[in-house]
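First the structure, in the form of structure tokens, and then the observations on it.
No value in this document is a laboratory result; all are computed from the given coordinates. Model, not experiment: these values are computed from the prediction. FYI the Cβ positions are ideal-geometry reconstructions off the backbone, even for glycines, and counts take in every protein chain you see.
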2 protein chains.
Amino acid sequence: METFVESSRMIAKNPVPGANGRIVHSPTMTVAHWSFDAGTVLPEHSHPHEQVALVVEGTLALTVNGVTRNLNAGDAAIIPGNVPHEARAVTACRIVDTFNPVREDLR
Amino acid sequence: METFVESSRMIAKNPVPGANGRIVHSPTMTVAHWSFDAGTVLPEHSHPHEQVALVVEGTLALTVNGVTRNLNAGDAAIIPGNVPHEARAVTACRIVDTFNPVREDLR
């Protein structure tokens, strides 16, 4: 595993229109750097991996287990494994999602 | 553990002048959101935790095990446990560091 990973060499993901991500995997974690266009909706889903979602720019409406909160730049959410969650970009935004263990489905 | 963590309620860290961080812990990970003023140096250090460093704004010169690389917005580094590393902010920058397991020393 290489130490330095330029953005251009990361795995690109586009799960829904308006959501563009770059993914990097370490031995025990996956880090995803997302850009969402305003209005983008990532429909409800879940996974066994623990997740920390950190908004680094803009405003994201995040629903976790039926509770919705607007997260602004600097705010975060801790999402336990197997808990359903969905996201809607209130404004254009950037999010860093971290997962443990590695998201093998995002390789 | 609460699901939603506003930036203002995160643990604030200021390890060296010019480096300001907000820290959030999940059960298995620690996520640190750093702002570095231009020229800030985080001296060489190491820890047993695996780390992923993702630059979200600006340029950071990161040295890992004696190898230095300039990371621009979107670039990352994977730092294995116990590997010495240091950082210098080439410009004002923001970085998201993720650690596994939890950094108990940052509680």
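Would you kindly derive the ³J(HN,Hα) couplings of the stretch A:20-26 from the backbone phi angles with the Karplus curve 6.51 cos²θ - 1.76 cosθ + 1.60 (θ = phi - 60°), listing them in order in whole Hz, with x for Gly and Pro?
Along the stretch A:20-26, the couplings run 10, x, 10, 10, 10, 10, 9 Hz.
FRET efficiency for B:R107 and A:R107, Cβ-Cβ distance as r, R0 = 25 Å, nearest 0.05?
Values: r = 32 Å, r/R0 = 1.28.
Between B:R107 and A:R107 the formula returns 0.20.
Amide H neighbours of A:V5 under 5 Å, counting only residues 5+ apart in sequence or on other chains, H built in-plane at 1.01 Å?
B:A76, B:A77, B:I78
Taking a label point 7 Å from Cα toward Cβ, how far is A:A12 from its twins in the other copies, in nm, shortest first?
4.0
For B:D37 and B:A61, calculate 0.36 nm times their separation in residues minus their Cα-Cα distance, and state this gained length in nm to one decimal.
7.3 nm
From the label point of A:P84, set 7 Å along Cα to the beta carbon, how far off in nm is each other copy's matching point, shortest first?
Counterpart label points of A:P84 in the remaining copies fall at 5.2 nm.
Compute the distance from the alpha-carbon center of the stretch A:37-107 to that of the stretch B:49-107, in whole Å.
22 Å
Starting from 0 in steps of 5 Å, tell me what percent of the Cα-Cα pairs of chain B lands in each bin.
3, 13, 23, 27, 21, 10, 3, 1
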